[in-house]
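The values are calculated or read from the model by the stated rules, or taken from the named source; none is laboratory data. Small disclaimer: the values here were computed from a predicted structure and weren't measured. Note: ideal-geometry Cβ built from the backbone for every residue, glycine included; neighbour counts use all protein chains shown.
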């Protein structure tokens, strides 16, 4: 069958491979661990396999006292970030920890890294951070959360807002809203200016989507399934987030828009009351640079929970045989009643292998409930199922 991929699509794919093969993509997780923990129902005895991303959610899961968490990512820079967070939790007091990963910058980071953190990292993670110490300085970008691929987009947004002080002030006031009614009123005032023709063009561009970690397969899913395509999808998702869910504890969008968390609006690993518990359980966290399938082939033992993020969107479009293989391995390694959680850019997840039909029990009502409550809110669907005995 002839290859009908256009030159533009080939360039998109090439750019995506280049960016994802050479850069840190996510400086913070873009899946809500509050939703995850309700859906997964972790606890003592849980053995979790998950994609690392930025590592925040793996640390959050430790609060539910699982026996083990294996974090897997094909991008070594994502694993290096989790290793740095783990080293900081073990070595720093809460003040330094929050300056580093809460405020995104620390004036003494070079000394902290040299004296306390570096020795706790693997050689691979050392090689990453030896070259990136400036990411936590107080220079032009002023925050680690304006670094990496997704951080580049956040920095561009921040820079655009700096020349539109009225809009920037309105967005700051929106984040500080005390009620949903106030959020709705404030968002109604800024939405038209926020989503003008230039913004709509910007969010459709392959270069932008690549930096945000969106491959062509996901862009095509949105374009095919969502009325109005990518720009309408983004606009509608943000309208829902900013008018239907409280922003007071939405640390995802706060850090994206401001480059920092606050003590009252931050991931759980940055809260002082959780530091002793996390320190006591960090040894249960293991980091592996490989694919999910490679890990399942090489490591034995039954697993009770799988957190697959959204990577199966890409597998379904680009490597369906690998998608089927991954699912066969998941089934082979699942403990009775194991839970599998994934997200998708698709509104309807219809790309899973047919042989799963008699092996899984979908938990659709739970998944939909927490999909609607998810504070990130950028996915088309959340999917949860249990493996039948």
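Observations
- Among the candidates 273, 244, residue that is at pLDDT 95 or above, surrounded by fewer than 15 Cβ atoms within 10 Å (Cβ to Cβ) and assigned by TED's automatic domain parsing to the domain that holds residue 162: 244
- Of the residues making up the stretch 293-302, those that are surrounded by 12 or more Cβ atoms within 10 Å (Cβ to Cβ), assigned to a helix (DSSP H, G or I) and over 21 Å from the mean Cα position of the chain (by Cα) are 294, 296, 297.
- Residue selected from the stretch 82-107 under the condition closer than 21 Å to residue 140 by Cβ and touching a residue at least 12 places away in the same chain (Cβ under 8 Å), by the criterion surrounded by the fewest Cβ atoms within 10 Å (Cβ to Cβ): 107
- Taking (1) in contact (Cβ under 8 Å) with a residue 12 or more places away in the chain; (2) outside any helix (DSSP H, G or I) in turn, residue 253 satisfies each apart from (2).
- Filtered residue count, the stretch 305-327, keeping only those that are out of contact with any helix residue (DSSP H, G or I) (no Cβ under 9 Å at 6 or more places or on another chain) and either crowded, with 20+ Cβ neighbours inside 10 Å or within 21 Å of residue 37 (Cβ to Cβ) (or both): 1
- Only listed residue being surrounded by fewer than 21 Cβ atoms within 10 Å (Cβ to Cβ), in contact (Cβ under 8 Å) with a residue 40 or more places away in the chain, closer than 23 Å to residue 69 by Cβ and in contact with a helix residue (DSSP H, G or I) (Cβ under 7 Å, 6 or more places away or on another chain), chosen from 290, 279: 279
- Residues of the stretch 338-373 that turn out to be surrounded by fewer than 21 Cβ atoms within 10 Å (Cβ to Cβ) and part of a loop (DSSP other than H, G, I, E, B), as a count: 11
- Single residue of the stretch 136-154 satisfying the filter (within 19 Å of the chain's Cα centre (by Cα) and free of Cβ contacts under 8 Å to residues at least 60 places away in the same chain) that is surrounded by the most Cβ atoms within 10 Å (Cβ to Cβ): 153
- Output for the stretch 347-389, where each listed residue is within 18 Å of residue 242 (Cα to Cα) and touching a residue at least 60 places away in the same chain (Cβ under 8 Å): 370, 371, 373, 374, 375, 376, 377, 378, 379, 380
- Scanning the stretch 7-35 for residues that are under 15 Å from residue 251 (Cβ atoms), assigned to a helix (DSSP H, G or I) and in contact with a helix residue (DSSP H, G or I) (Cβ under 7 Å, 6 or more places away or on another chain) returns 33, 35.
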